[in-house]
1. In the stretch 75-97, how many residues are under 20 Å from PRO121 (Cα atoms) and either in contact (Cβ under 8 Å) with a residue 60 or more places away in the chain or part of a strand (DSSP E or B) (or both)?
2. Give the stretch 98-120 a look and list any residue that's among the hydrophobic types (A, V, I, L, M, F, W, C), assigned to a loop (DSSP other than H, G, I, E, B) and under 15 Å from the mean Cα position of the chain (by Cα), or say none.
3. Looking at the stretch 101-119, which of its residues are over 17 Å from ALA147 (Cα atoms) and either surrounded by fewer than 19 Cβ atoms within 10 Å (Cβ to Cβ) or not small (Gly, Ala, Ser) (or both)?
4. Identify all residues within the stretch 44-65 that are part of a loop (DSSP other than H, G, I, E, B) and either β-branched (Val, Ile, Thr) or without any contact (Cβ under 8 Å) to a residue 40 or more places away in the chain (or both); write none if there are none.
5. Answer yes or no: is there a residue in the stretch 9-30 that is within 16 Å of MET141 (Cα to Cα), out of contact with any helix residue (DSSP H, G or I) (no Cβ under 8 Å at 6 or more places or on another chain) and surrounded by 19 or more Cβ atoms within 10 Å (Cβ to Cβ).
6. Let me spell it out: the conditions are (1) touching an Asp or Glu at 6+ places or on another chain (Cβ under 7 Å); (2) part of a helix (DSSP H, G or I); (3) under 20 Å from SER126 (Cβ atoms), and GLU25 meets all of them except one. Which number is the exception?
7. Step by step: first the residues of the stretch 32-43, then only those that are assigned to a loop (DSSP other than H, G, I, E, B) and touching a residue at least 12 places away in the same chain (Cβ under 8 Å), then the one that is surrounded by the fewest Cβ atoms within 10 Å (Cβ to Cβ). Which residue is that?
8. How many residues are closer than 20 Å to GLY63 by Cα and among the aromatic types (Phe, Trp, Tyr) when one looks only at the stretch 87-137?
Amino acid sequence: MGWAECLRREIVGCRRCPRLVRWREKVAKDKRAAYAGETYWGKAVPGWGDPQARIVVVGLAPGAHGANRTGRMFTGDESGKWLYRALWRAGLANQKESLGRNDGLKLRNVWVTAAVKCAPPDNRPSPGERDTCGIFLEREMRGLSGAKVYLALGGFGFDAVVRFFGLRPKPKFSHGSVVPVQEHVHGKADGEDVGRGDEGGQGAGWLVTGPRLNYHFRYALVAKLADALP
């Protein structure tokens, strides 16, 4: 069993944040009328995609009636529609729609995840919940050792990547920005930067933020990222 499957199982079974567990399960029970006939996932949602990915997409958290319903990141809500369509047009996905965990969608060279794995009330995780779940994101990022581009969809995902790499001074978030990522990660024990060595980590790359623009501009960004792949 590879690192991705081991981590997936641990994430799905996680109940470390009581507030998030209560909320995700309440939403799964008190369904939106449009999905009344569906069985909600109602658990933590793991990242997914190509374990050999060069591009890592990092969002905030699963949507209450999106990924919390379908069990797949960015699936079942509007944000997923443009994301997967853009990946498909760029040749990074085998189909343009993500409908559910068993729809046959496969990603090439891309991994899709979020900083927090459970749907939070009002889409706002607490700092403690962010830090607790950050353990999973760190393990994902270390497992994705070939990644070179980190596409952050929003400020929360951006900050999560910044914390992982320990970027100092902390770069300011803005839509459509590009930040170089150096060949180091943030040390957990003493707060100092540590070299790759036994600690693992990624090489130099880029942290990119999604533009607050229409679908065509977003597709152009993903296509440009795809063109940069070897």
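No lab work stands behind these numbers, since they all come straight from the coordinates. The shown structure was predicted, so the numbers you read here are calculated from the model rather than taken from an experiment. In this analysis, Cβ positions are derived from the backbone assuming ideal geometry, glycine residues included, and neighbour counts consider all displayed protein chains.
1. The total comes to 1.
2. ALA115, VAL116, CYS118, ALA119
3. ARG101, ASN102, ASP103, GLY104, LEU105, LYS106, VAL116, LYS117, CYS118, listed by residue number.
4. Scanning the stretch 44-65 gives VAL45, HIS65.
5. No, the stretch 9-30 contains no residue that is within 16 Å of MET141 (Cα to Cα), out of contact with any helix residue (DSSP H, G or I) (no Cβ under 8 Å at 6 or more places or on another chain) and surrounded by 19 or more Cβ atoms within 10 Å (Cβ to Cβ).
6. Here GLU25 clears every test but (1).
7. Here is the first cut: in the stretch 32-43, the ones assigned to a loop (DSSP other than H, G, I, E, B) are 32, 36-43.
Now narrow it down to the ones that are touching a residue at least 12 places away in the same chain (Cβ under 8 Å): 32, 38, 40-43.
On the way: ARG32: 12, GLU38: 15, TYR40: 22, TRP41: 22, GLY42: 19, LYS43: 21.
Result: ARG32.
8. 2
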